[in-house]
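Take a look at the structure set out below.
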Amino acid sequence: MSARRARVRAAAGLRGTVRVPGDKSISHRALILASQAAGGCVIHGLSRGGDVRNTARALRALGVALGPWGSEPLPVAGAGLGGWREPAGVLDFGNSGTGIRLMAGMLAAHPFFSVLSGDRYLRRRPMRRVAEPLRLMGAHIAGRAGGTLAPLAIAGARLAGIAYRSPVSSAQVKSSLLLAGLLAAGETAVTEPERSRDHTERLLRFLGIPVRVSGTTVSLTGGTAWRARDLTVPGDPSAAAFLLAAAAISPDAEVTVRDVCVNPTRTGFFEILRAMGGRVRFTRRREACGEPVADVTAAASDLRGIDVPPSLVPQTIDEFPILAATALFARGTTRITGAAELRVKESDRIRTMCHELGKLGGRVRELPDGLEIEGGRPLRGAACTSHGDHRVAMSLAVAGGTIRGETRIADTACVATSFPGFWDLLRGLGARVVEG
Ligand code: S3P
């Protein structure tokens, strides 16, 4: 990552109504499924973050015709089910776990050779969780460290559906297998300990592909082609969370984010914020492409710490950095447990948040599977770093916007992987932030 950095000072009274980028998870899925449809479509509201852009580039390298990256909506010419062509070079997914894992599933079932890689952070993240079950379906996948780390080399093969019990609740694992299952013979079923985000299932249904759900098992039958349909991606709740948290912890603030995806598998942070005493409300509820959408408003709140129920972990999984930062401003202790998955995200988010919030004066204890944050302590701006993790950078910016002194955040280029425009939006609401 480049040497970009941010400087933040306290500001009260954040106010405004804004929109955030299209949901990152849905954007990856919309692109992948549109590229395999029969016929062309347009995608409205696609995320223009670096992660989704890398998936778009990979699709182009696989022979899919997409409109220019800046077009809104973005046209996609579907190549038909199984219609991708062998890429001439390495497919680079940058920082994106979703990009590489979902594409690995589909590529495993295409009859050609492909190599999937990413940046130095992605090359450290576990790939066994998708490579192993895909191999059980008949895939030929090699990789570093005994086939468990990227770069991954895939020699496409004829796959057969399996019934797989995943040891982790992971939408990336589930979706990778379901996408492979679309091209596999027979039925593919994935069972998780708890249900992860269900965007793949919803989008498949929207496109007319039957998906069966029973408890925590999702299944489909391979070989069903679909016709292209225009798609609309709602705003990303994981991006909105930063602006809404900033409103909740800043005096006299009120911020509305319009058109946010409020799929219940994604709204854990808003539920937790409410349980902490946060003033959060959803209005104008509606639906887009099978996803529930609403405007979400948060206002200055008197927060208290809580024990976060482990049952809320899957639907909060990307919001623990901002939750930890928010908890600094709550009376009493907030305890997060059952979240060991945080250790294998863009950074080890348990360690990085403990470390960085500690620099601001926060009393934060690292637990094997979570964090304990003592709120209400005196805090002061300090020199922090993102560890190359977009959500760590944005969480530190939000915390820094409410405390005395200047908070400096090193290595902020990563923010553009998910939330280009974050700094301008924050400034537009009244925050005192300089980035560059
Ligand atoms: C995602 C699933 C989650 C999440 C990630 C996006 C997805 O990861 O943390 O940001 O789009 O499927 P896991 O599947 O590893 O939990």
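Out of (1) open to solvent by less than 10 Å² (accessible area, probe 1.4 Å); (2) within 30 Å of Val168 (Cβ to Cβ), what's the single condition that is false for Ala275?
(1)
State whether the residues of region 93-101 include one that is free of Cβ contacts under 8 Å to residues at least 60 places away in the same chain and either in a helix (DSSP H, G or I) or on the phi > 0 side of the Ramachandran plot (or both). Walk me through how you get there before you give the answer.
So the first thing to find is which residues in region 93-101 are free of Cβ contacts under 8 Å to residues at least 60 places away in the same chain, and the list is 93, 100.
Keeping just the survivors that are either in a helix (DSSP H, G or I) or on the phi > 0 side of the Ramachandran plot (or both) gives 100.
The answer is yes; a qualifying residue exists.
For the condition over 22 Å from the mean Cα position of the chain (by Cα) and farther than 30 Å from Leu203 by Cβ, what is the one hit in Ala330, Ala324? Steps first, answer last, please.
On the way: Ala324 fails: over 22 Å from the mean Cα position of the chain (by Cα).
Result of the check over Ala330, Ala324: Ala330.
Can you tell me which residues in region 124-139 are touching a residue at least 60 places away in the same chain (Cβ under 8 Å) and either more than 13 Å from the ligand (Cβ to nearest atom) or among the basic types (Lys, Arg) (or both)? Break it down stepwise before answering.
Keep residues of region 124-139 that are touching a residue at least 60 places away in the same chain (Cβ under 8 Å), which gives 125-126.
Of everything in region 124-139, just one residue is touching a residue at least 60 places away in the same chain (Cβ under 8 Å) and either more than 13 Å from the ligand (Cβ to nearest atom) or among the basic types (Lys, Arg) (or both), namely Arg125.
Condition first: on the phi > 0 side of the Ramachandran plot and either surrounded by fewer than 19 Cβ atoms within 10 Å (Cβ to Cβ) or more than 16 Å from the ligand (Cβ to nearest atom) (or both). Can you find one or more residues in region 15-29 that meet it? First the steps, then the outcome.
Of all residues in region 15-29, those on the phi > 0 side of the Ramachandran plot come to 16.
Narrowing further to those that are either surrounded by fewer than 19 Cβ atoms within 10 Å (Cβ to Cβ) or more than 16 Å from the ligand (Cβ to nearest atom) (or both): 16.
Yes: one or more hits.
Do you know which residues across region 1-14 are over 24 Å from Leu244 (Cβ atoms) and either modelled with pLDDT under 95 or surrounded by fewer than 17 Cβ atoms within 10 Å (Cβ to Cβ) (or both)? Working first, answer last.
Taking region 1-14 first, the residues over 24 Å from Leu244 (Cβ atoms) are 1-5.
Listed by number, the residues that qualify are Met1, Ser2, Ala3.
Go through (1) under 30 Å from Leu66 (Cβ atoms); (2) of a type in the set (Lys, Arg); (3) in a helix (DSSP H, G or I) one by one and return the number of the condition Arg274 breaks.
Only one criterion is unmet by Arg274, namely (1).
Just give me the residues in region 219-233 being within 16 Å of the ligand (Cβ to nearest atom) and of a type outside the set (A, V, I, L, M), in sequence order.
Applying the first criterion (within 16 Å of the ligand (Cβ to nearest atom)) to region 219-233 yields 231, 233.
Residues satisfying the conditions do not exist here.
State all residues of region 31-49 that are open to solvent by less than 30 Å² (accessible area, probe 1.4 Å) and under 14 Å from the mean Cα position of the chain (by Cα); if no residue qualifies, say none.
Answer for region 31-49, where residues must be open to solvent by less than 30 Å² (accessible area, probe 1.4 Å) and under 14 Å from the mean Cα position of the chain (by Cα): Leu46, Ser47, Gly49.
Mind telling me which of the residues Gly376, Gly436, Gly428 ends up being over 21 Å from Arg48 (Cα atoms), more than 20 Å from the chain's Cα centre (by Cα) and not charged (D, E, K, R)?
Details: Gly436 fails: over 21 Å from Arg48 (Cα atoms); Gly428 fails: over 21 Å from Arg48 (Cα atoms).
The match here is Gly376.
For the list (1) part of a helix (DSSP H, G or I); (2) open to solvent by 10 Å² or more (accessible area, probe 1.4 Å); (3) within 16 Å of the ligand (Cβ to nearest atom), I need the number of the one condition that Arg205 fails.
The one condition Arg205 does not meet is (3).
Across region 278-294, what is the number of residues that are surrounded by 20 or more Cβ atoms within 10 Å (Cβ to Cβ) and farther than 21 Å from Arg377 by Cα? Walk me through it before giving the result.
Quick first cut of region 278-294, residues surrounded by 20 or more Cβ atoms within 10 Å (Cβ to Cβ) only: 278, 280, 289, 291, 293-294.
Checking the rest, the ones that are also farther than 21 Å from Arg377 by Cα come to 280, 289, 291, 293-294.
Adding up the residues that qualify gives 5.
Give the residues of region 324-344 that are touching a residue at least 60 places away in the same chain (Cβ under 8 Å) and of a type outside the set (Ser, Thr, Tyr), sorted by residue number.
Of the residues in region 324-344, the ones touching a residue at least 60 places away in the same chain (Cβ under 8 Å) are 324-326, 328-329, 341, 344.
Ala324, Ala325, Leu328, Phe329, Glu341, Val344 - these are the residues of region 324-344 that are touching a residue at least 60 places away in the same chain (Cβ under 8 Å) and of a type outside the set (Ser, Thr, Tyr).
Looking at Trp84, Trp69, which is the one that is more than 16 Å from the ligand (Cβ to nearest atom), surrounded by 14 or more Cβ atoms within 10 Å (Cβ to Cβ) and part of a loop (DSSP other than H, G, I, E, B)?
Values: Trp69 fails: surrounded by 14 or more Cβ atoms within 10 Å (Cβ to Cβ).
Every option except Trp84 fails the conditions.
Test of understanding: among Asp236, Asp198, which residue is within 13 Å of the ligand (Cβ to nearest atom), in contact with a Pro (Cβ under 6 Å, 6 or more places away or on another chain) and within 30 Å of Gly421 (Cβ to Cβ)?
Result of the check over Asp236, Asp198: Asp236.
Every residue in region 58-81 that is in contact (Cβ under 8 Å) with a residue 24 or more places away in the chain and over 28 Å from Thr224 (Cβ atoms), please.
Listed by number, the list holds a single entry, Glu72.
Please determine, by comparing only the residues of region 87-108 that are among the hydrophobic types (A, V, I, L, M, F, W, C) and open to solvent by 20 Å² or more (accessible area, probe 1.4 Å), which one is nearest to Cys414 (Cα to Cα). Break it down stepwise before answering.
Filtering region 87-108 for residues among the hydrophobic types (A, V, I, L, M, F, W, C) gives 88, 90-91, 93, 100, 102-104, 106-108.
When the remaining residues are screened for being open to solvent by 20 Å² or more (accessible area, probe 1.4 Å), the result is 88, 90.
Numbers: Ala88: 28, Val90: 22 Å.
Ranking the qualifying residues of region 87-108, first place goes to Val90.
Here are the criteria: (1) within 16 Å of the ligand (Cβ to nearest atom); (2) over 22 Å from His390 (Cα atoms). Tell me which single one Ile100 does not satisfy.
Answer for Ile100: the failing condition is (2).
Could you check how many residues of region 243-264 are closer than 26 Å to Ser169 by Cβ and in contact with a Ser or Thr (Cβ under 7 Å, 6 or more places away or on another chain)? Please lay out each step first, then the result.
Filtering region 243-264 for residues closer than 26 Å to Ser169 by Cβ gives 244-245, 260-264.
Filter again for in contact with a Ser or Thr (Cβ under 7 Å, 6 or more places away or on another chain), leaving 245.
The number of residues fulfilling the criteria is 1.
The values are calculated or read from the model by the stated rules, or taken from the named source; none is laboratory data. Given the structure is predicted, the values throughout are model-derived calculations rather than measurements. Virtual Cβ from ideal backbone geometry, glycine too; neighbours counted across all protein chains shown. Each accessible area value is taken on the protein alone, full model and side chains, heavy atoms only, with ligands, DNA and RNA left out. Shrake-Rupley method; radii C 1.70, N 1.55, O 1.52, S 1.80 Å.
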